[in-house]
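All remarks here apply to the structure that follows.
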Amino acid sequence: RFHGEGYQEGYAEGSHVGVVEGRRYGSLHGAKIGSEIGSYLGFALTWQCLLQKSVDEKKSKKIRALDSLIGMIQKFPYEDPTYDKLQEDLEKIRGKFKQVCSMLNIQSDFRIGTERSSLTF
């Protein structure tokens, strides 16, 4: 009987601690992803505005790539933590961002850490 009661109490306590830890972990990593995606969107919108002032074939390709990146970011499911392709879509956005940076001849380095976060060009 004591063994059963101890198990039930331990299981309930472990479940509670697991939920709290999971919520904290989800909030932290959700904020990191949000910061990363927000930086990509700001970058893309800024370059889109800069490139629209003059139109030539090379800039047209860059603008199309930027439009594609912006579209991917806008379709990203921010509100659905159970979305099963979240990591896959995030990797596609990162890949498109790297492609755009390459087209613009920009070295990008996006880091998020406990000490500081930065996006350098």
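The values are calculated or read from the model by the stated rules, or taken from the named source; none is laboratory data. The structure presented is a predicted model; accordingly, all values stated were derived computationally and were not measured. No Cβ is skipped: glycine too gets one built from the backbone with ideal geometry, and neighbour counts run over all protein chains shown. Accessible surface is based on the protein model in full, side chains and every heavy atom, while ligands, DNA and RNA are left aside. Shrake-Rupley method; radii C 1.70, N 1.55, O 1.52, S 1.80 Å.
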Apportionment of accessible area to carbon and sulfur, the chain, percent (1.4 Å): 54
Residues Tyr25 and Lys98, FRET efficiency given R0 of 22 Å [Cβ-Cβ distance, rounded to 0.05]: 0.25
Within a Gaussian network of the chain (alpha carbon springs, distance under 10 Å), most fluctuating of Gly42, Gly34, Gly14: Gly14
For the chain, built as a Gaussian network whose Cα springs stay under 10 Å, the top-fluctuating residue of Tyr78, Tyr40, Tyr25: Tyr25
Cα-based reach from Lys75 at 17 Å (exclusive), listing lysines while leaving out same-chain residues under 8 positions away: Lys85, Lys92, Lys96
Residue among Glu36, Glu88, Glu13 with the largest mean-square fluctuation in a Gaussian network model of the chain, springs linking Cα atoms under 10 Å: Glu13
Accessible solvent surface per residue of the range 2-104, calculated while the other protein chains remain in place, 1.4 angstrom probe, Å²: 70
Set of lysines with alpha-carbon distance to Lys53 below 19 Å, sequence-local pairs under 8 removed: Lys61, Lys62
